[in-house]
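Q: Okay, here's the structure, questions in a sec.
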Amino acid sequence: MVVFSDKGAVVYADDSVLSASQALSERLAWPLLALSELPTEFLQGCFLCYRDGCLKLLDKQTLKKGGLIVEIDPRPGEQHSYPAPKKDLLAQAVGKKTKTIIDATTGWAQDSLALFRMGYEVQCIERSPIMAELIKDGFQRLAQKDWMKNRQLQAPTLMVGNAIELLGGLSEAPDCIYLDPMFPTKRKQTAATRKSMAILRDILGDDLDRADLFAAAWQATAKRVVVKSPDYAEPLGGKPSESYQGKLLRYDVYLK
């Protein structure tokens, strides 16, 4: 079990990132430590560190492997062009004519970024301050990409807090609200996803309020709610209007 509350720390490798590390330490109320002086007990949990030009989440296992970051480049099999074609199940679920999307459960932001690269206008919500810091760093790196600058594009915006509360206070209803809540696991995760998803689950836990989250999303959306779930899970909002089945997951679509 990865422990964050009493083992988390912000670690700096050299003085070039000291100022940013100090600010991060203050925001999270985590101790600031030098990498060379990292006590053994902190290696039992996770820590944040600016390395290789980005903010990384590390633990004892990933310390020598580079750590975990919000990956801003397309995933394997995805188009590198902008806007990317709206051909996959995710695009079909959110709707090709949809313009504005709120991802209310951002996590590692991979679906948010995939939707952004397809040309959708994306807003993100994340309740974990730890994940929010990683997401902010990823979006800052995204904004520096040449293809972003050449097209004068703005990275997705991020709201930090409880999605149920934030959705209830929206000034304008989006076309689509996208939910990817944390369901209890019923199968072993693959080697490719085990570490990042295991850490995300340790940070967030299961979303026990996912029914309330769906209700808030349904109330706040203008046109549709899309729920991504493992294929074994019961539909979150009852019988969906449409459903798109993948190999191990499903997108349930609820239309107003």
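The values are calculated or read from the model by the stated rules, or taken from the named source; none is laboratory data. Just so we're clear, the structure is a prediction, and the values are computed from it rather than from any experiment. Don't worry about glycine lacking a Cβ; one is built from the backbone with ideal geometry, like all the others, and counts go over all protein chains shown. Each accessible area value is taken on the protein alone, full model and side chains, heavy atoms only, with ligands, DNA and RNA left out. Shrake-Rupley method; radii C 1.70, N 1.55, O 1.52, S 1.80 Å.
Q: Which of the residues that make up segment 75-96 are in a loop (DSSP other than H, G, I, E, B) and at pLDDT 95 or above?
A: Gly95
Q: Which is surrounded by fewer than 20 Cβ atoms within 10 Å (Cβ to Cβ) and within 22 Å of Pro174 (Cβ to Cβ), of Lys99, Lys60?
A: Lys99
Q: Going by the conditions given, is Asp180 closer than 30 Å to Val11 by Cβ, under 11 Å from the mean Cα position of the chain (by Cα) and open to solvent by 20 Å² or more (accessible area, probe 1.4 Å)?
A: The answer is yes for Asp180.
Q: Pick from segment 110-137 the residues that are among the aliphatic types (A, V, I, L, M), closer than 20 Å to Phe47 by Cβ and touching a helix residue (DSSP H, G or I) at 6+ places or on another chain (Cβ under 8 Å): which of them is surrounded by the most Cβ atoms within 10 Å (Cβ to Cβ)?
A: If we take residues in segment 110-137 being among the aliphatic types (A, V, I, L, M), closer than 20 Å to Phe47 by Cβ and touching a helix residue (DSSP H, G or I) at 6+ places or on another chain (Cβ under 8 Å), then Met131 is surrounded by the most Cβ atoms within 10 Å (Cβ to Cβ).
Q: Take Ile199 and tell me if it is among the β-branched types (Val, Ile, Thr) and either modelled with pLDDT under 95 or open to solvent by 50 Å² or more (accessible area, probe 1.4 Å) (or both).
A: Yes.
Q: If Gln140 satisfies every condition in (1) at pLDDT 95 or above; (2) surrounded by fewer than 16 Cβ atoms within 10 Å (Cβ to Cβ); (3) under 24 Å from Asp212 (Cα atoms); (4) not acidic (Asp, Glu) but one, which is the exception?
A: (3)
Q: Same structure, new question: Checking the condition open to solvent by 30 Å² or more (accessible area, probe 1.4 Å), at pLDDT 95 or above and closer than 25 Å to Ala132 by Cβ, which residue from Ala104, Ala29, Ala13, Ala23 passes?
A: Ala23
Q: Take the residues in segment 218-233 that are open to solvent by less than 20 Å² (accessible area, probe 1.4 Å) and modelled with pLDDT under 95; name whichever of them is farthest from Thr100 (Cα to Cα).
A: Taking the candidates together, the pick is Ala233.
Q: Quickly run through segment 60-102 and pick out the residues that are without any contact (Cβ under 8 Å) to a residue 60 or more places away in the chain and among the acidic types (Asp, Glu).
A: Residues satisfying the conditions are Asp73, Glu78, Asp88.
Q: Just one of the numbered conditions (1) open to solvent by less than 60 Å² (accessible area, probe 1.4 Å); (2) at pLDDT 95 or above; (3) small (Gly, Ala, Ser) is not true of Ser241; which one?
A: (1)
Q: Taking Ala215, is it open to solvent by 40 Å² or more (accessible area, probe 1.4 Å), closer than 18 Å to Leu167 by Cα and either in a loop (DSSP other than H, G, I, E, B) or among the β-branched types (Val, Ile, Thr) (or both)?
A: no
Q: State all residues of segment 33-57 that are open to solvent by 70 Å² or more (accessible area, probe 1.4 Å) and farther than 15 Å from Ala20 by Cβ; if no residue qualifies, say none.
A: Once the filter is applied, which keeps residues that are open to solvent by 70 Å² or more (accessible area, probe 1.4 Å) and farther than 15 Å from Ala20 by Cβ, segment 33-57 yields Ser36, Glu37, Thr40, Glu41, Gln44.
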